[in-house]
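Report on the following structure.
The values are calculated or read from the model by the stated rules, or taken from the named source; none is laboratory data. If you're wondering where the values come from, they're calculated on a predicted model, not measured in any experiment. Don't worry about glycine lacking a Cβ; one is built from the backbone with ideal geometry, like all the others, and counts go over all protein chains shown. When the accessible area is computed, the model is the full protein with side chains, heavy atoms only, and any ligands, DNA or RNA have been set aside. Shrake-Rupley method; radii C 1.70, N 1.55, O 1.52, S 1.80 Å.
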Amino acid sequence: MGKSTIIRSLAQEYGVNFIDVRLAQREPVDIRGLPVPTANGVEWQVSAEWPRDPQSKGIILFDELTAADRSLQVAAYEFILDRRLGDLYKVPDGWYICAAGNRTEDRAVSTTMSSALANRFLHIELESNADNWLEWAVQNNIHPSVSGFIRFRPGMLFNQENENLERGWPTPRSWERVSTMMNVLPDDENLLRSTVYGLVGNRAGVEFMAFHKTTQNLFVKEMMLGKEEVKIPQKADLRYALCAGVAYYLWRGQSEEESQALIDGFYRISLALSSDFAAMLMMDVMKGGLHCKGAEKLYKHPAFKEWEKKHGKTFRAAAK
């Protein structure tokens, strides 16, 4: 699920520091500190990674907490509950402490959390959600073939059924990696196929590569720029692919002239779509254009009134 990535992104969003502690890779002494012999006995040297500045703010994440053995979990008790290590160290008030881990039923490396430690947390379970992931995808340069496929087959975003869990299988994290490789290997179909199979498994990989192959001849950007006639596919999977491509290319103009041409093309395509797809597309492009005031540009376009007249009712219902 990319749990640590979510917390890291939150820290970046709020402009605070972030410390990622992989508890399963530590020893109890890493939490408490090192005993150092001196002339007066033994002094404890607390790890330098813990924040010292009383004015600082941030998040301390104990990641893979449920993969750590009991001795490490016990070592973390005092830090998590009391925000201190005896009289040696106190966590500054501006720091939030949280943890992440897998459940035993997730078929991942996991041990049962002790009741004493479990009782020190507010527990929140995360689950995959295609709509939320696609909203994130349109803002994070996910390849249109990937976002189009997940829009068409939302159940493939996260799937463990009939998959070899000792190899690659479909998760939000592995689909993000597929997107990266789509950009790295755009012209080598055989290597791309092997890479996709290695990331999401053969079953999902076969479906995705078939979807990708059928969408390559859509020429979405060319349609938007007026170099190809606007043709709306009849098959639902190709319509999803078309919309994903439009949402991907719309805000990537290399000049002011091209940017305007892409917006013009967006309206030509969107006005030719059925209202359900047009409403979905409008929501996607507005989310993708947050960085450039995209909604304002779309609303001010001369074709918006015609679009609103044709698709507005469906769009308002979908946006509720």
For Val36, state whether it is farther than 26 Å from Thr112 by Cβ, open to solvent by 50 Å² or more (accessible area, probe 1.4 Å) and aliphatic (A, V, I, L, M). yes
Taking segment 296-318 on its own, how many of its residues are assigned to a loop (DSSP other than H, G, I, E, B) and open to solvent by 50 Å² or more (accessible area, probe 1.4 Å)? 2
Failed condition for Asn102, given (1) open to solvent by less than 40 Å² (accessible area, probe 1.4 Å); (2) assigned to a loop (DSSP other than H, G, I, E, B); (3) within 30 Å of Trp169 (Cα to Cα); (4) out of contact with any Ser or Thr (no Cβ under 9 Å at 6 or more places or on another chain), with all others met? (4)
From the list Leu88, Leu61, Leu65, which residue is loosely packed, with under 14 Cβ neighbours inside 10 Å and among the hydrophobic types (A, V, I, L, M, F, W, C)? Leu88
List every residue pair whose Cβ atoms sit under 7 Å apart, with the two residues 6 or more apart in sequence or on different chains, where the first one lies in segment 129-144 and is open to solvent by less than 80 Å² (accessible area, probe 1.4 Å) and the second, anywhere, is assigned to a helix (DSSP H, G or I) and of a type in the set (Val, Ile, Thr). Ala130/Ile150; Trp133/Ile150; Leu134/Ile150
Give Asn159, Asn141 a once-over and let me know the one that is in contact with a Ser or Thr (Cβ under 9 Å, 6 or more places away or on another chain), outside any helix (DSSP H, G or I) and over 26 Å from Gly294 (Cα atoms). Asn159
Considering only residues of segment 116-128 that are open to solvent by less than 100 Å² (accessible area, probe 1.4 Å), of a type outside the set (D, E, K, R) and over 30 Å from Met156 (Cβ atoms), which is modelled with the highest pLDDT? Phe121
Can you run down the residue pairs with Cβ atoms below 7 Å, 6 or more apart or on separate chains, where the first is in segment 65-80 and within 18 Å of Leu122 (Cα to Cα) and without any contact (Cβ under 8 Å) to a residue 60 or more places away in the chain and the partner is among the β-branched types (Val, Ile, Thr) and open to solvent by less than 50 Å² (accessible area, probe 1.4 Å)? Ala76/Ile31; Phe79/Ile31; Ile80/Ile97
Quick one: which of Phe266, Phe277 is in contact with a Leu (Cβ under 6 Å, 6 or more places away or on another chain) and of a type in the set (Phe, Trp, Tyr)? Phe266
Just checking: which of the helices (runs of 4 or more DSSP H) contained wholly in segment 2-94 hold 1 or more residues that are at pLDDT 80 or above and among the aromatic types (Phe, Trp, Tyr)? 3-14, 70-82
Output the residues belonging to segment 1-46 that are at positive phi and in contact with a strand residue (DSSP E or B) (Cβ under 6 Å, 6 or more places away or on another chain). Gly33
Restricting to segment 129-155, name every residue that is under 17 Å from Ile7 (Cβ atoms) and polar (S, T, N, Q). Asn132, Asn140
